[in-house]
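**Student:** Sharing a structure, written as structure tokens. Questions coming.
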Amino acid sequence: MAGSFSGNRWFNHINLNENAVMIIMALFVGVLGGYGAVAFRWLIGSFQNIFFGHGKNHFLDFLFTLPWYAKLIPPIIGGAIVGPLVYFFAREAKGHGVPEVMEAVALKGGVIRKRVVVIKAMASAICIGSGGSVGREGPIVQIGSAIGSAFGQILRVSPDRMRTLVGCGGAAGIAATFNAPIAGVMFAMEIILGEFGIATFSPIVVSSVMATVISRAYMGNYPAFIVPQYSLVSVYEIPLYIVLGIIAGLIGVGFTTCLYKAEDLFAKIRIPEYTKAALGGAVIGVIGIFFPHIFGVGYDAIEMVLLEKMAWSIILCLIFVKILATSATLGSGGSGGIFAPSLFIGSMTGAAFGYLAHFLFPDVTATSGAYGLVGMGAVLAAATHGPINAIIILFEMTGSYKIILPLMLSCIISAMLATQIKKESIYTMKLIRRGTDIRAGREINVMRSLLAKDAMTTDVVTVPETMPLKALLKFTISSKHSSFPVVDGNGLLCGIVTFQDFKDVIYEEGLDNLVVAKDLATLKVVTITPDESLDTALKKIGFRNIEQLPVVDAKDSRKILGILSRRDIFASYNKALIDRSLAAGFQKKSDE
């Protein structure tokens, strides 16, 4: 394009190699991601001050002083603003954001619309600031990733570079939010990119470091939670931490299940889509009257549990109340992350279990705070299916190394159990429900989106079941096809015949008029219905090693509607790829 700026050409002009180019770009993305995280946290505090009259520390203590209506109304107003904002301007800003980033990396070459940076920041800040029971980590991952993608789009980088820049932005967001540079790197590699390649590692490290430097310059160099230095008191605690890992795994799966059940429930409510977030806000407001702990990111409540300043009965209730509150917020269309809620639920789960363990075995166990700390990582690992990231992020968030052994054990056990019970994580479940399997790759997802009726040929060449062998041979030689559906006198499918079926008998004498098509045909025919996907069709063709499938009526498996061949499938697939590429190009131009 004449007059356009190409980042690749510019970098090539100054003779920089591939690694140097990526490091320089990663440095800029890290700085932008760091400032994005700082600005986002300021934005949350500003909206929190607008909605509640308090945007500073010790927010939970302040909430206990408010009258009931001051807790009920803000989430409703916040939802009423967030719903239309997301619906009309950027629907990918709905929910927790990380799945959209994973999808962009896996299937869209890392391209994320530039407007997502602004809309996601505003929607999530309003949602959290008005009391929505969500975290800021998911949004800042999406914001940072969108910054990385926008940077790559401006420089017109290749898809591989674009994906790396998206990972850099996500790492920068996590690192700056938690003051956890290593956790930022691991989150990007384990969750967003799903790989630990050397080529992507260095740029992501640079981005994570730069974002952390920016964050520390504005917010100080402090761990996210100030907690006592808990440690493993006795080897007899190991079985207890194994049990905690199992419980955390079940809680993590329950959280994922409830979240998407709530989404289904709100989807059934027949009101305009953009008004449902206000309805979810009403649910949050009612819960918040009795349990203000669930408002916002909930870090004050987590810190109280880790410092052992909360009653056991409240802790036990908050496990399930928080699951309900977060499910209502996100299921109704709110915008925010599941990272902080997972930590909240995990801290309550671990602390409740720790109270019981210490009551039963006081001489050989740590107090509830230690179990609360381990529970945070274990539930996070179970929900995200990312035990490595959970272990590292808990270590960096607390600065506590003495508890690392039980933390590692519980996280691994909870993640293993969760993956056995539910194949999908809280992130990938959202994509699977849309019909997108990022592990399968772009090709499979395109195939799954196309139907047999869109690719089939309606001009079907059939042979009657009474056609003699001699006529069948002549018919086969003159046709461009290699297999033919066999039909009865009513034109209904009764078999399929190929040249392979009669090649061994054509040289035998006296059979030309004695053997008919039905005698040679395969009577158990593999068929497909019009509404089945091309992915399904390709599996059926590959399994039986056949060239084509009769497409039959869903209610009458003998009524032929068309024929679907390998050639038809791949022609339809190639056309879909071209159409999607053109659509993405038009969308990219419209966003610029």
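**Student:** For segment 272-285, state whether one or more residues are assigned by TED's automatic domain parsing to the domain that holds residue 398, among the aromatic types (Phe, Trp, Tyr) and modelled with pLDDT of 95 or more.
**Tutor:** no
**Student:** Tally up the residues in segment 346-373 that are in a loop (DSSP other than H, G, I, E, B) and not hydrophobic (A, V, I, L, M, F, W, C), please.
**Tutor:** Residues meeting the conditions: 4.
**Student:** Let me ask something additional. Limited to segment 355-376, what total is found for residues that are without any contact (Cβ under 8 Å) to a residue 60 or more places away in the chain and touching a Ser or Thr at 6+ places or on another chain (Cβ under 7 Å)?
**Tutor:** Total meeting the criteria: 2.
**Student:** Next question. Taking the condition of being at pLDDT below 90 and in contact with a Lys or Arg (Cβ under 6 Å, 6 or more places away or on another chain), how many residues in segment 216-267 meet it?
**Tutor:** Total satisfying the criteria: 2.
**Student:** Going residue by residue through segment 131-142, is there one that turns out to be more than 14 Å from residue 44 (Cα to Cα), surrounded by 24 or more Cβ atoms within 10 Å (Cβ to Cβ) and hydrophobic (A, V, I, L, M, F, W, C)?
**Tutor:** Checking segment 131-142: at least one residue is more than 14 Å from residue 44 (Cα to Cα), surrounded by 24 or more Cβ atoms within 10 Å (Cβ to Cβ) and hydrophobic (A, V, I, L, M, F, W, C).
**Student:** So which residues in segment 77-110 are β-branched (Val, Ile, Thr), crowded, with 20+ Cβ neighbours inside 10 Å and modelled with pLDDT of 80 or more, if there are any at all?
**Tutor:** Within segment 77-110, 82, 86, 98, 101 meet the criteria.
**Student:** Among the residues of segment 73-121, how many are part of a loop (DSSP other than H, G, I, E, B), among the charged types (D, E, K, R) and under 12 Å from the mean Cα position of the chain (by Cα)?
**Tutor:** Of the residues in segment 73-121, 0 are part of a loop (DSSP other than H, G, I, E, B), among the charged types (D, E, K, R) and under 12 Å from the mean Cα position of the chain (by Cα).
**Student:** Is it true that some residue in segment 323-333 is touching a Lys or Arg at 6+ places or on another chain (Cβ under 7 Å) and at positive phi?
**Tutor:** yes
The values are calculated or read from the model by the stated rules, or taken from the named source; none is laboratory data. Just so you know, these numbers come straight off a predicted model, no measurement behind them. A quick note on method: Cβ atoms are made from the backbone with ideal geometry, for glycine too, and the neighbour counts reach across all protein chains shown.
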